[in-house]
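Contents: one structure, followed by commentary.
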Amino acid sequence: MTPQEFIMKLLRANSALIKQTLVVMSVGFILPGVSRAADSAGEIEVQDVWGRSLNKVGVTLVDWDGYLANPAVRLTLRPPARAVFPVTLYLLADCPRLYFDDLGTRSSVGADGPRKTLSALDKDARPVVHLAIFPDRDGKDEDYTLTIRCTDSKGEHETLRVPIHVVDQDKKLPDPPPFKITVDFSQDKTEFFKDARARAVVQRAADDWAYFFDGSGLDPVRAGDEATLIWSRQGFVSPTTVRNAAAYTGYLLYAYGIESAELRSGGEGSRQGGFQTIQGKSLHLRRSGGLEVEVRGNYNRLGWFYTTGDDDWWKSSNRGNEPNDLYSIVHHEIGHALIFNPAYPRFAAFKKAGRVDDPVVKAWLGTAPKIDRADHLDGTIDPASRRGAFGYEYHGDIPKRRWLITKTDLLVAQAIGYRLRPTSAFEPLTAKAKHEPKGTVGRSFQSALAIHGGLAPYFCSVAEGKLPPGLKIDSFTGEVTGVPSEAGVFDVKVQVRDHPKSEGVIIPMRIEIGR
């Protein structure tokens with residue numbers, strides 16, 4: 001009996017196998033041989049950055065507050081020691097917003113979720129992969145599955161399924177929003193923005209930037225008080241100046257189509273206008289700017305891909321041989337209009353120096369990021385998301401698809417004068433005991449920590465002192481449990497870290513055990 005005949009016989013005998021077989025075929029392979037430990041922990045192991053097994057507890061991902069490039073977690077894979085090496089590891093997940101990195105071997109993304117293949121030459125090999133999720137806006141936690149199939153040199157295989165839990169930290173914006181970008185399409189002479197889809201993409205991208213800024217206390221701009229340069233229909237030539245027809249507070253963005261010789265879009269803050277003020281004091285932040293969209297496409301004449309759907313993030317890589325993602329390019333050019341442009345005095349000073357010499361930015365990146373001629377952060381990879389930062393979107397460790405705001409971009413915005421809202425990506429690591437830890441000898445004991453901020457996963461340990469005999473600490477949650485066997489007062493210090501190189505925070509705990 002051939003392998004194909006054997007599989008068809010199984011399918012006819014058990015229809016429940018159909019779905020599993022189709023999943024395997026979608027990865028581009030059919031595993032030969034008979035599985036030795038399918039669907040069990042077996043000897044495949046997934047470890048986190050701390051070296052802890054995730055086989056049972058699962059992988060936790062964070063979807064940060066706001067439409068932001070989310071942090072990628074580092075996973076180490078330990079192949080089965082009893083396998084005949086070399087072995088091949090096939091990774092897949094069941095959500096189109098999940099993605100693996102492109103390090104070593106490239107991964108694929110699509111409607112059926114991500115796929116990646118790794119190899120291990122011997123039993124001591126520990127392949128590494130990063131996993132993250134593209135953001136959404138619904139504020140709902142999610143659960144998915146990471147499947148790892150290991151095939152050895154004899155064609156035998158094992159399968160491991162690890163749960164993925166996504167903690168969604170999105171919060172509803174106050175009404176009215178703390179910072180508003182008013183989009184004005186009145187200067188469009190090309191009729192490009194008669195298309196409601198194009199208008200929706202621009203408004204969505206503008207709102208996604210505005211979400212992170214605190215504009216409370218900004219002085220309103222009266223009608224006619226703000227001047228903004230508008231380029232001609234032919235692109236970046238023959239500019240004119242317009243004035244705001246109505247009063248507004250926040251930022252006024254003129255969005256219009258162009259048909260330029262360069263086949264490129266643009267964005268800039270208005271040097272002709274004034275600066276944002278609070279009670280008359282200048283913030284050195286522009287209060288208007290322009291967004292120019294090349295109507296024929298991005299460096300080509302192939303048109304645009306119109307969508308703001310989160311599951312569509314992978315459909316265009318924004319290269320010259322395909323219709324580009326309008327959201328990506330609009331998001332980028334609005335970034336120029338709001339932040340990355342010499343119309344902003346502090347950015348101009350950074351650019352003159354050739355880098356963003358700001359202590360907070362340097363603390364995040366470990367260096368001062370370079371600024372190139374095009375006002376881009378050339379060579380900068382955001383350390384949390386592993387994506388290329390502003391202007392470096394074609395680079396980074398993860399699949400290059402829809403462009404997003406990174407934490408690095410927002411820290412640069414703060415460096416030039418914007419006040420950032422306290423969203424979860426900027427929440428410092430904190431921890432405290434949920435209640436006073438008291439117990440009794442011989443009775444079940446439980447004491448938990450409330451941990452917030454920083455970058456999950458956390459590692460909790462006793463840094464000083466000793467727990468009462470019979471108790472132990474959960475390194476993932478900081479929960480202390482067990483049955484104490486000795487009475488007394490025990491002073492311990494629990495350390496919570498969010499990165500192996502971080503000192504984290506220390507929580508003094510006095511555990512009282514009575515008789």
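The values are calculated or read from the model by the stated rules, or taken from the named source; none is laboratory data. Since the model is a prediction, treat every value here as computed from it, not as a measurement. Counting neighbours? That spans all protein chains shown, and the Cβs are built from the backbone with ideal geometry, glycine included.
Here are the numbers for the structure shown:
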| item | result |
| --- | --- |
| The stretch 495-515, residues that are over 22 Å from Gly439 (Cα atoms), in contact (Cβ under 8 Å) with a residue 24 or more places away in the chain and among the acidic types (Asp, Glu) | Asp498 |
| Flag for Tyr251 being under 16 Å from Tyr418 (Cβ atoms) and not polar (S, T, N, Q) | yes |
| Scan of the stretch 443-477 for residues that are on the phi > 0 side of the Ramachandran plot and modelled with pLDDT under 95, ordered by number | Gly453, Gly454 |
| Selection status of Gln203, over 15 Å from Arg287 (Cβ atoms), polar (S, T, N, Q), in the same structural domain as Asp409 (by TED's automatic domain parsing) and surrounded by 13 or more Cβ atoms within 10 Å (Cβ to Cβ) | yes |
| Filtered residues of the stretch 137-150 (kept if farther than 14 Å from Lys116 by Cα and crowded, with 18+ Cβ neighbours inside 10 Å) | Tyr144 |
| Candidates Ser238, Ser265 - the one that is buried (at least 24 other Cβ atoms within 10 Å of the Cβ) and either of a type in the set (S, T, N, Q) or under 30 Å from the mean Cα position of the chain (by Cα) (or both) | Ser265 |
| Out of Leu75, Leu103, sole residue that is more than 30 Å from Asn244 (Cβ to Cβ) and surrounded by 21 or more Cβ atoms within 10 Å (Cβ to Cβ) | Leu75 |
| Every residue from the stretch 402-451 that is outside any helix (DSSP H, G or I) and in contact with a helix residue (DSSP H, G or I) (Cβ under 9 Å, 6 or more places away or on another chain) | Arg402, Trp403, Leu404, Ile405, Ile416, Gly417, Tyr418, Leu420, Thr423 |
| Criterion: basic (Lys, Arg) and in contact (Cβ under 8 Å) with a residue 60 or more places away in the chain - qualifying residue of Arg74, Arg82, Arg78, Arg97 | Arg97 |
| The stretch 467-499, subset in a loop (DSSP other than H, G, I, E, B) and of a type in the set (S, T, N, Q), residue surrounded by the fewest Cβ atoms within 10 Å (Cβ to Cβ) | Ser485 |
| Ala353 being under 30 Å from Ile451 (Cβ atoms) and aliphatic (A, V, I, L, M) | no |
